[in-house]
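The numbers here are math on the coordinates, done by the rules we state, and not lab data. Note that the coordinates shown come from a computational prediction; the quantities given were computed from them, not determined experimentally. We place every Cβ from the backbone using ideal geometry, glycine too, and count neighbours over all the protein chains shown.
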Amino acid sequence: MVATSGNRLISEDALEALKHQLLPLATVATPNIPEAEILSGLTIRGPEDMVRAARVIGEIYGGAVLCKGGHQVNEANDLLWPPGGTQTWFPSPRVDTSNTHGTGCTLSSAIAAGLAKGLSLEAAVGLAKEYLIGALSAMLDLGHGSGPMDHMWDLKSRFLQGT
């Protein structure tokens, strides 16, 4: 919906379709701070606001919410709010790199892969965060500006194995 740069990525019609048709089907939504503000209607300035926004989003759309930190709100601490469950924080430091293009897509895809392997949501999020931090920390440096992270940083690890 909204890139890390703050640019809107979808039209108003697409946003409405996302809200009314796609999110109610999702196991977990993974909004960044600007996206969580749009979906919840709340302003997020700190961790308490992330909790409120995740709860509102989860209650509106019926699934779990991983409210992704960063965006000047905290390091890279993410909050998992599962409906009917206990919220879990996934703390991690911000990796100092400009090669962050696709971090949200990488994280959500890694979570989906973990769920497909049969991991619990919490375990899938934890493993996905580890994978993302490794891909960012590998410091792949291609092109100019906000380049991609190194998705191939660890091809022989537990990230590729089954449950």
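A few points about this structure:
- Whichever residue in segment 1-56 is surrounded by fewer than 17 Cβ atoms within 10 Å (Cβ to Cβ) and acidic (Asp, Glu) and, among such residues, is nearest to Thr86 (Cα to Cα): Glu48
- Considering only residues in segment 77-113 that are touching a Phe, Trp or Tyr at 6+ places or on another chain (Cβ under 9 Å) and crowded, with 20+ Cβ neighbours inside 10 Å, the one that is nearest to Lys129 (Cα to Cα) turns out to be Leu107.
- Per the conditions (1) among the small types (Gly, Ala, Ser); (2) touching a residue at least 40 places away in the same chain (Cβ under 8 Å); (3) crowded, with 19+ Cβ neighbours inside 10 Å, the sole criterion not satisfied by Ala124 is (2).
- Residue satisfying all of: in segment 1-29; touching a residue at least 40 places away in the same chain (Cβ under 8 Å) and in a loop (DSSP other than H, G, I, E, B); nearest to the chain's Cα centre (by Cα) among these: Thr4
- Wholly within segment 30-128, helices (runs of 4 or more DSSP H) carrying at least 2 residues that are within 11 Å of the chain's Cα centre (by Cα) and over 19 Å from Trp153 (Cβ atoms): 33-40
- Verdict on Asp13 being more than 26 Å from Ser137 (Cβ to Cβ) and of a type in the set (Asp, Glu): yes
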